[in-house]
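Have a look at the structure below before the remarks.
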Amino acid sequence: MKKIDLDEWVSKLERIEERVGRLALLSQLSQLLNSTLDHQEIRRRAMEAATRLMRAQVGSLLLVDEEKRQLFFEVALGDQEEEIKRITLNLGEGIPGWVAKNGKPLIVNKPEKDRRFLKGVDERTEFKTRNIICVPVKVKKKVIGVLEAINKEGGDMFDLEDLSLFTSLADQVAIALDNARLYKELEEMFFQTAESLADAIEKRDPYTGGHTRRVTLYSLAIARYLQLNPLEKKWLKIASVLHDIGKIGIEDQILRKPDRLSPEEFKAIKHHSDIGAEIIEHIRQLREIIPGVKYHHEQINGRGYPEGLKGKEIPILAKIVAVADTFDAMTTDRPYRKAKGKEVAIKELRRCTGTQFDKEVVEAFIRAYRKGELSKPKVEGRKWKAEG
Ligand SMILES: [Fe+2]
């Protein structure tokens, strides 16, 4: 019977344990990469994952700029990050350029002897590359970037096991980046659709052009001083774009009336906030913006509509849209009155603070105004009319 060499077994066991550990790390890093849809965050996590998984001194992600046929450092680690970010490589140039051009991974354990190695990057960053592992990041067989790790810890060389793990990580990075891109495209398409819808409604009324854009601009400027979280800001943006969508249900003769509205007509136009909420209720994903649309004509003193909510009962999105909406209404011409100057409108907002408008929202608006953050959007609007 063959004698068992205990040392050999221990060493084998340790290797297996190490492999399992690295696989577990790969799985953990992959989950982390795919738990966000934020493109920038994925890029940062990819770089950190590259460093940890390869036990390297630095890791970086280079992305392909297809138009320029170049690679640029998206993120890098360490003190030289800013310097590295300024460096671009042509496809085929340097080790990352070669990997991007050929779509194949590469380990270079003696870079000074490899003709593909560019000394310039080290010289610019005062960094000494001892060894490098570099793999392509591919989406549907197309190279969109390159993941690299430099200088394996402990003076070791990168090996085939590293290559296999790094390739798996690059696949996960590719999936995460592609998901984020698709999500962003979908979101952009949605915003554009919402804007087109708002634009179509504005076009029914010759006086309201540009109103939606300005209200959105003002609302987002207010949000910057109210510490809204990114998700709330996103809802606010959509609520601002769609705040008057209910006007689609208001008759032309009222909406397009060039004169002041009669009490009956005003009563009719007041329905637009409820109509807007009803339209949006059909879209499950937009539930969060309903308060912003439905209550944007409520007032702090309870004299607004549709429900006469008071103070804290009024949702924050609605309070913000109300200030943005009113400021734009005041500072644009109506057929029956001229626009007020901006300073006059600000005074008016202040005067109505605590009765019509929320104090914090008005203060945030004024701070944004004083800092010049309410400059006119690119598309100049026509004139404004309806009290809606
Ligand atoms: Fe309105």
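The values are calculated or read from the model by the stated rules, or taken from the named source; none is laboratory data. From a predicted model like this one, the values you see are computed outputs, not experimental measurements. A quick note on method: Cβ atoms are made from the backbone with ideal geometry, for glycine too, and the neighbour counts reach across all protein chains shown. To get the accessible areas, we keep the full protein, side chains included, count just its heavy atoms, and leave off ligands, DNA and RNA. Shrake-Rupley method; radii C 1.70, N 1.55, O 1.52, S 1.80 Å.
When the residues of the range 341-388 are narrowed to those that are within 16 Å of the ligand (Cβ to nearest atom) and under 24 Å from Gly311 (Cβ atoms), which ends up modelled with the lowest pLDDT? Talk me through it step by step, then tell me what you get.
Step one: filter the range 341-388 for residues within 16 Å of the ligand (Cβ to nearest atom), giving 356-357, 381, 384-388.
Cutting the leftovers down to under 24 Å from Gly311 (Cβ atoms) gives us 356-357, 387-388.
Details: Gln356: 96, Phe357: 97, Glu387: 35, Gly388: 39.
Per the stated criteria, the residue is Glu387.
Yes/no matrix, rows are residues, columns are (1) crowded, with 18+ Cβ neighbours inside 10 Å; (2) under 26 Å from Lys140 (Cα atoms); (3) at pLDDT 90 or above; (4) out of contact with any His (no Cβ under 6 Å at 6 or more places or on another chain):
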| residue | (1), (2), (3), (4) |
| --- | --- |
| Leu6 | no, no, no, yes |
| Ser11 | no, no, no, yes |
| Ser27 | no, yes, yes, yes |
| Ser30 | yes, yes, yes, yes |
| Gly92 | no, yes, no, yes |
| Gly97 | yes, yes, yes, yes |
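Does the range 257-277 contain at least one residue that is under 28 Å from the mean Cα position of the chain (by Cα), more than 13 Å from the ligand (Cβ to nearest atom) and hydrophobic (A, V, I, L, M, F, W, C)? So that I can check it myself, show each step before the final result.
Pass one, the range 257-277, residues under 28 Å from the mean Cα position of the chain (by Cα): 276-277.
Filter again for more than 13 Å from the ligand (Cβ to nearest atom), leaving none.
Looking for residues that are under 28 Å from the mean Cα position of the chain (by Cα), more than 13 Å from the ligand (Cβ to nearest atom) and hydrophobic (A, V, I, L, M, F, W, C), one finds none in the range 257-277, hence no.
Please verify whether Lys270 is of a type in the set (Lys, Arg) and at pLDDT below 90, treating the condition exactly as stated.
Working: of a type in the set (Lys, Arg): yes; at pLDDT below 90: no.
Judged against the criteria, Lys270 is not a match.
Kindly indicate whether any position in the range 226-233 is open to solvent by less than 40 Å² (accessible area, probe 1.4 Å), within 16 Å of the ligand (Cβ to nearest atom) and under 30 Å from the mean Cα position of the chain (by Cα). Before the answer, list the steps.
Kept after step one, since they are open to solvent by less than 40 Å² (accessible area, probe 1.4 Å), are these residues of the range 226-233: 226, 228.
Those still in the list that are within 16 Å of the ligand (Cβ to nearest atom) too: none.
Among the residues of the range 226-233, not one is open to solvent by less than 40 Å² (accessible area, probe 1.4 Å), within 16 Å of the ligand (Cβ to nearest atom) and under 30 Å from the mean Cα position of the chain (by Cα), which makes the answer no.
Under 8 Å between Cβ atoms, at least 6 apart or on separate chains: pull out the pairs that start in the range 14-42 with a residue that is under 17 Å from Asp171 (Cα atoms) and touching a residue at least 12 places away in the same chain (Cβ under 8 Å) and end on any residue that is part of a loop (DSSP other than H, G, I, E, B) and open to solvent by less than 60 Å² (accessible area, probe 1.4 Å).
Close Cβ pairs satisfying both conditions: Ile42/Thr36.
What are the pairs with Cβ atoms under 6 angstrom where one residue, in the range 337-364, is in a loop (DSSP other than H, G, I, E, B) and the other, located anywhere, is open to solvent by 40 Å² or more (accessible area, probe 1.4 Å)? Sequence gap at least six, or different chains.
Filtered contacts from the range 337-364: Thr355/Asn301; Gln356/Gln299.
If His271 passes every condition in (1) more than 22 Å from Lys359 (Cβ to Cβ); (2) in contact (Cβ under 8 Å) with a residue 60 or more places away in the chain but one, which one does it miss?
His271 satisfies all of (1) more than 22 Å from Lys359 (Cβ to Cβ); (2) in contact (Cβ under 8 Å) with a residue 60 or more places away in the chain except (2).
Quick check: anything in the range 43-63 buried (at least 18 other Cβ atoms within 10 Å of the Cβ) and out of contact with any strand residue (DSSP E or B) (no Cβ under 9 Å at 6 or more places or on another chain)?
Checked against the condition, which is being buried (at least 18 other Cβ atoms within 10 Å of the Cβ) and out of contact with any strand residue (DSSP E or B) (no Cβ under 9 Å at 6 or more places or on another chain), the range 43-63 yields at least one hit.
From the list Phe158, Phe117, which residue is over 33 Å from the mean Cα position of the chain (by Cα) and farther than 19 Å from Ala49 by Cβ?
On the way: Phe158 fails: farther than 19 Å from Ala49 by Cβ.
Exactly one residue qualifies, and that residue is Phe117.
State which residue is surrounded by the fewest Cβ atoms within 10 Å (Cβ to Cβ) when the search covers only the range 252-277 and only residues that are assigned to a helix (DSSP H, G or I) and of a type in the set (S, T, N, Q).
Pass one, the range 252-277, residues assigned to a helix (DSSP H, G or I): 252-255, 263-269, 272-277.
Within this subset, residues satisfying the condition of being of a type in the set (S, T, N, Q) are 253, 273.
Numbers: Gln253: 9, Ser273: 26.
Out of the qualifying residues, it is Gln253.
Which residue is modelled with the lowest pLDDT, if the candidates are limited to the range 195-225 and must be among the charged types (D, E, K, R) and away from the ligand (no atom under 13 Å from the Cβ)? Step through it out loud before you land on a result.
Kept after step one, since they are among the charged types (D, E, K, R), are these residues of the range 195-225: 195, 199, 202-205, 213-214, 224.
Add one more test, that the residue is away from the ligand (no atom under 13 Å from the Cβ), and what stays is 195, 199, 203-204, 213-214, 224.
On the way: Glu195: 86, Asp199: 85, Lys203: 82, Arg204: 78, Arg213: 90, Arg214: 92, Arg224: 93.
So, considering only residues that are among the charged types (D, E, K, R) and away from the ligand (no atom under 13 Å from the Cβ), the one modelled with the lowest pLDDT is Arg204.
Any idea how many residues of the range 278-320 are surrounded by fewer than 22 Cβ atoms within 10 Å (Cβ to Cβ) and in contact with a strand residue (DSSP E or B) (Cβ under 8 Å, 6 or more places away or on another chain)?
Of the residues in that region, 1 qualify.
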